[in-house]
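Notes to accompany the following structure.
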Amino acid sequence: PYWLVELGPWYENKDNSNDGNDGDGDGDINDDIPFIPPRDSFLSMDTDRRVVRLDSFSKIMSSGLRVGWVTGPKELIQPIYLHHMVSACNTSGLAQAVVQTMLSHWGWEGFISHVTEVQRLYRKRRNYTIQMARKYLEKEMVTFDPPNAGMFLWIKLNQISDSKEFVEKYCLPALVNIIPGTYFMPDSHAKSPYIRVSYSIAPLENIQEAFRRLGDLLKNASS
């Protein structure tokens, strides 16, 4: 669902990336970056008619819409269609009407203009999140790569093997809401040193405070 939420690479701003300057989330990337087109998907490389592509308007128009579409060979789409009929029955007609009306009103150029603003919004939030992570999390305690797309930052806790235990014992009581990597693994009982941080809707000042608390919690858990 994040195929249009391309943010471009993150560049360290040597003036304010880790010197205590909180900044405003702009980092080294200005707001004049044009629309960043999505990368080629596996569907564009499919020669055996075995790839199904799933897309969604939820992350680029409104999270409450829950309207998406499937692209693929007819022989694969038909079973999905039949399963949808006996499970969800039908996507909300009102949500579909809203999407259709908005797309008709925007046209292609208007849609791309809207997506460009979405990219700009998440780019600013991504940049600010990276700044706060580098400011409050000690390098020997965590490892992460700035994301080039989407709205999540994955962090490896270098000194903690079970992030689920860390989140439940330390983070939740401190009102730091992050997701342990275990929740994304096939084996829900397996341990994972990773956590997922979202920067999609939290106010920037809350993101700063969350990383400040997370830095303190990591020190306490490792001591």
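Bear in mind these aren't lab numbers, they're just calculated from the coordinates by the rules spelled out. None of the values given here were measured: they were computed from a predicted structure. Neighbour counts run over all protein chains shown; Cβ positions are idealised from the backbone, glycine included.
Taken about its Cα centre, the chain carries a charge dipole of roughly 580 debye when the Cβ of each Lys and Arg holds +1 and the Cβ of each Asp and Glu holds -1. What shape does the range 76-201 take by its C-alpha gyration tensor, where a ≥ b ≥ c are the square roots of the eigenvalues and a/c under 1.5 counts as rounded, a/b above b/c as prolate, and the rest as oblate? Taking the square roots of the gyration eigenvalues as a ≥ b ≥ c, the range 76-201 is oblate. For the chain, the longest principal axis of the Cα atoms and the long axis of helix 204-222 meet at an angle of about 60 degrees. May I ask for the net charge around Ile112, where only other residues with Cβ less than 15 Å from the Cβ of Ile112 are counted and Lys, Arg are +1 while Asp, Glu are -1? Summing Lys and Arg as +1 and Asp and Glu as -1 gives -2. Each other residue within a Cβ distance under 14 Å of Glu140 adds +1 if Lys or Arg and -1 if Asp or Glu, for a net charge of +3.
Put simply, the amide H of Ile179, placed in the peptide plane, has neighbours under 5 Å in Arg196, leaving out anything fewer than 5 places away on its chain.
Name the residue farthest towards the positive end of the dipole of the range 75-218 from the options Tyr199, Gly107, Gly181, assuming +1 on Cβ of Lys and Arg, -1 on Cβ of Asp and Glu, about the Cα centre. Ranked along the dipole, the leading option is Tyr199. Residue ranges 80-93, 194-207, 120-133 sort as 120-133, 194-207, 80-93 when ordered by packing (mean number of other C-beta atoms within 10 Å per residue, highest first).
The C-alpha atoms of the chain define a longest principal axis, and helix 74-86 lies at about 80 degrees to it. Between helix 93-136 and the chain there is an angle of about 20 degrees, using the helix long axis and the longest principal axis of the Cα atoms. Between Ala221, Cys89, Ser56, the Cα set farthest toward the positive side of the dipole of the chain (charges on each charged residue's Cβ, about the Cα centre) is that of Cys89.
Within a straight-line Cα-Cα reach of under 25 Å, Lys135 can be paired with the following lysines, leaving aside sequence neighbours fewer than 8 residues apart in one chain: Lys14, Lys124, Lys156, Lys164, Lys169, Lys219.
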